[in-house]
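The values are calculated or read from the model by the stated rules, or taken from the named source; none is laboratory data. Note that the structure is a prediction, hence the values are computed from the model and not measured. Cβ: placed from backbone, ideal geometry, glycine included. Neighbour counts: every protein chain shown.
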Amino acid sequence: MIQLPVDRVELDNGLTVILSHDPSLPVAAVNLWYAVGSRNEPEGKTGYAHLFEHMMFQGSANVPKGRHFELLERAGGSVNATTWFDRTNYFETVPSHHLELALWLEADRMGGFLQALTLETLENQRSVVKNERKQRYDNQPYGDWDERLQALLFPPGHPYRHSVIGSMEDLDRATLDDVRSFFLTWYTPENAVLSVAGDLDRDRTMGWIRDYFGTIPARGQPPEPRVPVLASVLGETIRQEVEAEVPLPRIYMGMRIPPLQDAGFPAIRILATVLGSGRSSRLYSKLVRESGVARDVMAFPYPLVGGCSTFLIQATGVSGTAVGLLEELLVDELAGVREVREEEVQRAVALADTGLVSGLQEVGTRADLLSMYQTLLGDAGEVNREMARLRAVTPGQVRDAADALLGEDNRAILTYRPASRVS
Amino acid sequence: MTEKRPRSVPPEPGPVGPLRMPDVDTRHLPQGLTFHLVKMPRLPVAAVSLVLDAGEAGMPGPEAGWGLLAGTALQGGTGQRSGDALARALEGAGSGVGVATGWDAVHLELTVLPERLPLVLPLLMEMVREPAFPQDEVKRARERRLATIRQRAMDPGALADDWAAAEIHHSDSPYARPLGGTAESIAKVEAADLVGLVERRYRPMGGTLVVAGDVEGDEVLAMLEPLLRGWEGGPLSVQAPSLSLPRSREARVVLVDRPGSVQSELRLGHVGVPRASPYHASLRVVNALLGGTFSSRLNLNLREKNGFTYGVRSRFSFRRGAGPFWVGTAVDREVTAAAVGEVLDEVRGLRDQGPTELEVASSRDYLAGVFPLQLQTVEDVAGRIGSLAVHGLPPSAMVEERDAIRGVSVEAAGEAARLHLKPEEMVVVVVGDAAVVRAPLEALGVGPVEVR
């Protein structure tokens, strides 16, 4: 099994640094996870974590607007950032002789973000983000599915109830003070993990990191995120039926499941693969191949850490399929998966094996996984134990997970039916 | 002695690390298939890419999309096992065959741990050489394709792509149609058609097989020998004479009405150049600075200055024939006409005034610099070698392309822009709410506005 080197250092200001050396290609990845996401947004300020992510590219003390991308693109680097429920990540992969530049840029915004903040850039990015919302949600068939499903799975006031993109009304209300206080509260060295993977010289790299990041003052631990106590399952089947301008019938089924750190999570991953990943999965075999009623089907867990995660199944019917039939066949398979066989578990493990090794070829993936395990589970070294955990999963554990999580007492069902047209 | 750099100044790059290109061992097999073995022992993983001269551009109009459908339906089983059994065998080995049919070729690709290569190579060849196309599997593949076609018609981005292709290219050119065919062409396809198609077109002559990863060439060749025995012949690749023709040479606006749209999907384009064009490298540089990077003119204007959009991209699609050049974005419906105007101004400005020295240098540095990033994985390398082979280029072209990019001067980029950006011939496709955007588009005066 592959073992990535994991070299962890904590700076005096509380920043956690992970280095993972691999000289075989002249590339290096820098990856920063800040432990703040949409779950940290109070009511009335939805979408602010993501809007803030956009603002982080608008300049900092020594970097004018636009220069961040300009410098990294000129260096032959790839750059991006994403916001999710539990975290926001910023990352770049560069030819390794430009590693210092990537570190300098990330440090400049961690230390000097406020010095470049203007109303003009806020207005510009507010407009960009609102267009992102329109493009991904409002102008897209089924575009509102995750907002609807989250609202079925989580009670009012719960941090996972609202979408990462947030509402137009809240985005419209964001002020410079909101952006400032978001930065001061969450973008502290104590709340971040910096991972560097690839072709690096340890001493030189640590020298740059101490020089650029180590000089950023500690600002204190951010507030502990609120983790409301929820029942481990929904307790019922909740249903919402939507008739909309969509091309084909579709069903989404969401379940509440334990958080990523739960010892049962590896069995849930295997369960998801057995059910709905690949052409030999039970759902594909039944809904797409055998009965031919579905165009596609998939099942996967969304790993979260705030007290619970979600499990999602999605199936799109071919034209003319009744959405009720999709549901009926799907529910049959949820019951049938109790009979999971050893060979199905082995197949799921084999797919995971290949996926993991293939993914680890890219230094960017390595750095992201290291940041992820450090941020979410408190130990970057967990990346080296994940495969063993998956390999240890037994059919009995998969059956137990199915029994506990896939029953009628734990289903949020959202269906879309194409609007009947008058013509 | 070195002066300490002020903290406010970005650091200079260090010494460039050596880029060792993996060794490629090339064999010309008796079937007419070219075999490349790329030794990449960094991690225990291997990628296989089989590229055959069976692209959609070779399909006659009434059979549009059949090539792509045949590729998909290969998953339906072989003479030796059902589709279900095939999936179980592949996934039991932790793998799966991806079949991607493009305009020029079909690419069959898989990733696997090296010790399982002997399990999956025979399955791959079984799919290619003995597909069974059982009636029920073909019927389902057809239904799924029709469902996808239906879905594209309601997805504003996909709808804009399809309209742009139809409006940019001559109606006799295969490029004018959707890659996956139309509801009419797909509805007619039967199992026997797919059997005949694969029999005719999935042939080794002129094809390329790449295996990259932690593997030994002799062992792979020994595995392949019995699998390739008796496979022969080559497809007759006929290029439609109208492949590279434009539909028209006048600027015009095609407005596809989608009532209630809160955004407009825009595609502005014209026929570009084939991959074999001597302007390939210079146009990649031109495109990078026009709309191929975050720091490009279009993105800085439409997104970072005006906030019209979440993003904008431009692209030359380099195919065997002249594929499209287009700019694509989705904008707030209220600024639809303004955004069209800005795009046309940027294209015209670049064509007339040319790029600056700094822009060309930045684009060159970007395109050459990302080279090692884009070849990190066995899949990257196998895929890249396969794609080059489609155009008759050897693996060494990977490095030669980078060097050609490095050699593009500001004059060469300016010439490429002057010759190959044609704002006066651009078709503007808008998928949006006609009630809101029609009048402003007419007022813009680009050309006639046709509502569809």
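Among the residues making up region B:69-105, a single one is facing chain A (nearest Cβ under 9 Å), of a type in the set (S, T, N, Q) and in contact with a Leu (Cβ under 6 Å, 6 or more places away or on another chain): B:SER95.
Examine region B:160-174 for a residue that is of a type in the set (Asp, Glu), in contact (Cβ under 8 Å) with a residue 40 or more places away in the chain, out of contact with any strand residue (DSSP E or B) (no Cβ under 8 Å at 6 or more places or on another chain) and at negative phi, and state whether such a residue exists. Can you show your working first?
Narrowing region B:160-174 to residues of a type in the set (Asp, Glu): B:161-162, B:167, B:172.
Next, only the ones that are in contact (Cβ under 8 Å) with a residue 40 or more places away in the chain stay: B:161, B:167, B:172.
Filter once more, so that each one left must be out of contact with any strand residue (DSSP E or B) (no Cβ under 8 Å at 6 or more places or on another chain): B:172.
Still in the list and also at negative phi: B:172.
Checking region B:160-174: at least one residue is of a type in the set (Asp, Glu), in contact (Cβ under 8 Å) with a residue 40 or more places away in the chain, out of contact with any strand residue (DSSP E or B) (no Cβ under 8 Å at 6 or more places or on another chain) and at negative phi.
Please go through region A:73-102 and give me each residue that is within 11 Å of chain B (Cβ to nearest Cβ) and within 24 Å of the chain's Cα centre (by Cα), ordered by number. Explain how you work it out, then say what you get.
As a first pass, look at region A:73-102 and keep what is within 11 Å of chain B (Cβ to nearest Cβ): A:73-80, A:92-102.
Those that are within 11 Å of chain B (Cβ to nearest Cβ) and within 24 Å of the chain's Cα centre (by Cα): A:GLY77, A:SER78, A:VAL79, A:ASN80, A:GLU92, A:THR93, A:VAL94, A:ALA102.
Remark: pairs (first residue in region B:201-212, within 12 Å of B:GLU109 (Cβ to Cβ); second residue among the acidic types (Asp, Glu); Cβ separation under 9 Å; 6+ apart in sequence or on different chains) = B:ALA212/B:GLU379; B:ALA212/B:ASP380. Counting only helices (runs of 4 or more DSSP H) that fall entirely inside region A:102-220 and contain at least 1 residues that are closer than 30 Å to A:ASP22 by Cβ, the qualifying elements are A:202-212.
For region A:133-171, what are the residues that are within 12 Å of chain B (Cβ to nearest Cβ) and surrounded by fewer than 20 Cβ atoms within 10 Å (Cβ to Cβ)?
Initially, region A:133-171 is screened for residues within 12 Å of chain B (Cβ to nearest Cβ), giving A:133-143, A:165, A:168.
Passing the criteria: A:ARG136, A:TYR137, A:ASP138, A:GLN140, A:PRO141, A:GLY143, A:MET168.
Scanning region A:277-310 for residues that are under 17 Å from A:VAL337 (Cβ atoms), surrounded by fewer than 24 Cβ atoms within 10 Å (Cβ to Cβ) and touching a Phe, Trp or Tyr at 6+ places or on another chain (Cβ under 9 Å) turns up A:SER277, A:GLY278, A:MET298, A:PHE300, A:PRO301.
Condition (residue is touching a strand residue (DSSP E or B) at 6+ places or on another chain (Cβ under 9 Å), more than 8 Å from chain A (Cβ to nearest Cβ), buried (at least 22 other Cβ atoms within 10 Å of the Cβ) and within 25 Å of A:PRO247 (Cα to Cα)) applied to region B:120-132: is it met by at least one residue? No, that holds for no residue.
Inspection of region A:299-306 finds a residue satisfying the criterion of being at pLDDT below 95, more than 30 Å from B:PRO134 (Cβ to Cβ) and not in a loop (DSSP other than H, G, I, E, B). Taking the criterion of being in contact with a Phe, Trp or Tyr (Cβ under 9 Å, 6 or more places away or on another chain) and modelled with pLDDT of 95 or more, would at least one residue in region A:225-237 satisfy it? The answer is no, given that none of the residues of region A:225-237 is in contact with a Phe, Trp or Tyr (Cβ under 9 Å, 6 or more places away or on another chain) and modelled with pLDDT of 95 or more.
Being at pLDDT 95 or above and facing chain B (nearest Cβ under 10 Å) is true of A:SER358. Kindly list the number of the only condition in (1) of a type outside the set (Asp, Glu); (2) crowded, with 19+ Cβ neighbours inside 10 Å; (3) touching a strand residue (DSSP E or B) at 6+ places or on another chain (Cβ under 8 Å) that fails for A:PHE182. Every condition holds for A:PHE182 apart from (3).
Looking at region B:336-404, what helices (runs of 4 or more DSSP H) fall wholly within it and have at least 1 residues that are within 23 Å of B:ASP104 (Cα to Cα)? It would help to see each step written out before you state the result.
Numbers: elements: B:336-353, B:357-369, B:378-390.
Per the criteria, B:378-390.
Could you list all residues from region A:103-127 that are within 10 Å of chain B (Cβ to nearest Cβ), buried (at least 22 other Cβ atoms within 10 Å of the Cβ) and closer than 19 Å to A:PHE182 by Cα? Across region A:103-127, the qualifying residues are A:ALA107, A:ASP108, A:GLN125.
Within region A:7-34, track down each residue that is in a loop (DSSP other than H, G, I, E, B), surrounded by fewer than 21 Cβ atoms within 10 Å (Cβ to Cβ) and at negative phi. Within region A:7-34, A:LEU11, A:ASP12, A:ASN13, A:ASP22, A:PRO23, A:SER24, A:PRO26 qualify. Where helices (runs of 4 or more DSSP H) sit wholly within region B:141-205, none has at least 1 residues that are within 14 Å of another protein chain (Cβ to nearest Cβ) and at pLDDT below 95.
Within the group A:LYS45, A:LYS65, which residue is facing chain B (nearest Cβ under 9 Å), in a loop (DSSP other than H, G, I, E, B), touching a residue at least 40 places away in the same chain (Cβ under 8 Å) and surrounded by fewer than 24 Cβ atoms within 10 Å (Cβ to Cβ)? Spell out how you get there, then give the answer.
Values: A:LYS45 fails: facing chain B (nearest Cβ under 9 Å).
Result of the check over A:LYS45, A:LYS65: A:LYS65.
Of everything in region B:292-320 that is under 26 Å from B:GLY102 (Cα atoms) and among the β-branched types (Val, Ile, Thr), the residue that is farthest from the other protein chains (Cβ to nearest Cβ) is B:VAL312. List pairs: first in region B:398-416 and at pLDDT 95 or above, second among the polar types (S, T, N, Q), Cβ under 6 Å, 6+ apart or cross-chain? Sorted first by the residue in region B:398-416, then by its partner, the pairs are B:VAL408/B:SER282; B:ALA412/B:SER282; B:ALA413/B:SER282; B:ALA416/B:SER282.
Whenever a residue of region A:367-388 is in contact (Cβ under 8 Å) with a residue 60 or more places away in the chain and surrounded by 15 or more Cβ atoms within 10 Å (Cβ to Cβ), its partners that are of a type in the set (S, T, N, Q) and assigned to a helix (DSSP H, G or I), lying with C-beta atoms within less than 7 angstrom and at least six residues away or across chains, give the pairs A:ALA380/A:GLN374. Within this structure, A:ALA348 fails the test of being in contact with a strand residue (DSSP E or B) (Cβ under 9 Å, 6 or more places away or on another chain), touching a residue at least 60 places away in the same chain (Cβ under 8 Å) and not hydroxyl-bearing (Ser, Thr, Tyr). Out of the residues in region B:381-395 that are surrounded by fewer than 17 Cβ atoms within 10 Å (Cβ to Cβ) and without any contact (Cβ under 8 Å) to a residue 60 or more places away in the chain, state the one that is nearest to A:LEU356 (Cα to Cα). This residue is B:LEU393.
Rundown of residues vs (1) under 18 Å from A:ILE268 (Cβ atoms); (2) touching a strand residue (DSSP E or B) at 6+ places or on another chain (Cβ under 9 Å), yes/no style:
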site: A:PRO303; (1), (2): yes, yes
site: A:CYS308; (1), (2): yes, yes
site: A:PHE311; (1), (2): yes, yes
site: A:GLN314; (1), (2): yes, yes
site: A:GLU328; (1), (2): no, no
site: A:VAL337; (1), (2): yes, no
site: A:GLY378; (1), (2): no, no
site: A:GLY381; (1), (2): no, yes
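Here B:GLY447 clears all of (1) at pLDDT below 95; (2) in a helix (DSSP H, G or I) except the condition numbered (2). For the residues B:LEU19, B:LEU29, the requirement of being in contact with a helix residue (DSSP H, G or I) (Cβ under 8 Å, 6 or more places away or on another chain) and touching a residue at least 60 places away in the same chain (Cβ under 8 Å) singles out B:LEU29.
Criterion applied to B:GLY291, B:GLY328, B:GLY272 was being surrounded by 24 or more Cβ atoms within 10 Å (Cβ to Cβ) and within 16 Å of the chain's Cα centre (by Cα), and the one residue passing it is B:GLY272. Taken over region B:348-367, residues that are at the interface with another protein chain (Cβ under 9 Å from one of its Cβ atoms) and crowded, with 20+ Cβ neighbours inside 10 Å amount to 4.
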